[in-house]
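The values are calculated or read from the model by the stated rules, or taken from the named source; none is laboratory data. Worth saying up front: this structure is predicted, and the values here are computed from it rather than measured. Heads up, the Cβs are rebuilt from the backbone with ideal geometry, glycines too, and the neighbour counts pull from every protein chain shown. The protein model used for the area step is the full one, side chains on, heavy atoms only, and it has no ligands, DNA or RNA in it. Shrake-Rupley method; radii C 1.70, N 1.55, O 1.52, S 1.80 Å.
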Amino acid sequence: MNLIIAKGLLIPFLGTALGSALVFFMKKELDVKIQKMLTGFAAGVMVAASVWSLLIPSMNSASDMGRLAFIPAVTGFCLGMLFLLLLDVVTPHMHLDETVEGPKSQLKKTTMMVLAVTLHNIPEGMAVGVLYAGWASGSADITEAGALALAIGIAIQNFPEGAIISMPLRSKGLSRTKACWYGVLSGIVEPLAGLLTILLSTLIIPVLPYLLSFAAGAMIYVVIEELIPEMSEGEHSNWGTILFMIGFSLMMVLDVALG
């Protein structure tokens, strides 16, 4: 079981690492159209994962509450969004359009770009960790296949995300090796967040419905705050919408077919 969980936690990180490595094969910065398409795809995957892999299992896990089974889902969802809002406020970071958020800092632009991606990798790692913790505990509402489906779905959306961070870093003067390395570092927080969740599993299981929805809220915050604005502003926004549809559909199919 431990080996299965370890592999599951590493799958999303592998997606980020492989995507970051694209900097060795691409000569120029990502085309705006391609960037919007990749961002839309990532947003679609994250929204579908939040609903089918996290919110629905959260309500199913609280089914003994009857008509009040929505309480853990709503509570955790709101807390997850507020948690990411807090991280957004206290952490200096910079988006791809070079908009700087958080407290004033002397950090380099490249460092703040990496921090921006790292911030929204935290809930993804937590989400995978929570599902594997629930499966390991014997929860009837969470299966190994369901946890694996979420890990694969996040890895798929992390692949383009790795390129989205490494290519701009390369365009700002970093060597290909450094740009790739920073992209990989932005993803290492995912298995770490997942592992921490697993280690705290004895505390987590009693409040599993709340933590499932907490991870969902954190992921939806990232979609609304960062991904949707990036995919919808300016030209080629329609391509972002189309890829959102594809990403959403793919994650929905993965979860239903495997879970």
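A 1.4 Å probe over all protein chains sorts Lys178, Lys104 by accessible area into Lys104, Lys178, starting with the largest.
For the residues Trp181, Trp52, Trp135, a GNM of the chain with alpha-carbon springs under 10 Å puts the largest fluctuation on Trp181. When only alpha carbons are used to place a centre, the range 235-255 and the range 112-170 end up 17 Å from one another. The value of relative contact order for the chain, using C-alpha pairs under 8 Å at least six residues apart, is 45 percent.
Calculated mean residue ellipticity at 222 nm for the chain: -24500 deg cm²/dmol, from DSSP H runs with n ≥ 4 weighted as -39500 (n - 2.57), summed, divided by the residue count and rounded to 500. The calculated Kirkwood hydrodynamic radius for the range 141-237 is 15.9 Å, given to one decimal from all distinct C-alpha pairs.
Dipole orientation for the chain: of the candidates Ala6, Met167, Phe83, Met167 has the Cα lying most toward the positive pole (charges on Cβ; Lys, Arg +1; Asp, Glu -1). Summarising the label geometry, the points placed 7 Å from Cα in the beta-carbon direction at Ile71 and Lys104 lie 4.7 nm from one another. Just checking the listed ones, Ser53, Ser171, Ser186: in the Gaussian network model of the chain with Cα springs under 10 Å, the one fluctuating most is Ser171. May I ask which of Lys7/Lys104; Lys7/Lys33; Lys36/Lys172 have a Cα-Cα span longer than 30 Å here? Beyond 30 Å between Cα atoms: Lys7/Lys104; Lys7/Lys33.
Taking Leu250, Leu196, Leu55 and ordering them by how much accessible surface each has at a 1.4 Å probe, largest first, produces Leu196, Leu250, Leu55.
For the chain, with a Gaussian network of springs between Cα atoms less than 10 Å apart, report the residue from Ala216, Ala136, Ala147 with the top mean-square fluctuation. Top of the fluctuation ranking is Ala136. Taking the Cα centre of the range 164-256 as the origin and placing charges on Cβ (Lys, Arg +1; Asp, Glu -1), which of Met251, Ile188, Asn238 is farthest toward the positive end of the dipole? Going by the Cα projections, it comes out as Ile188. In the context of the full set of protein chains, residues of the chain present 46 Å² of accessible surface per residue (probe radius 1.4 Å, heavy atoms only).
In this simple spin-label model, placing a label point 7 Å from the Cα along the Cα-to-Cβ direction at both Ser249 and Ser63 gives a separation of 3.0 nm.
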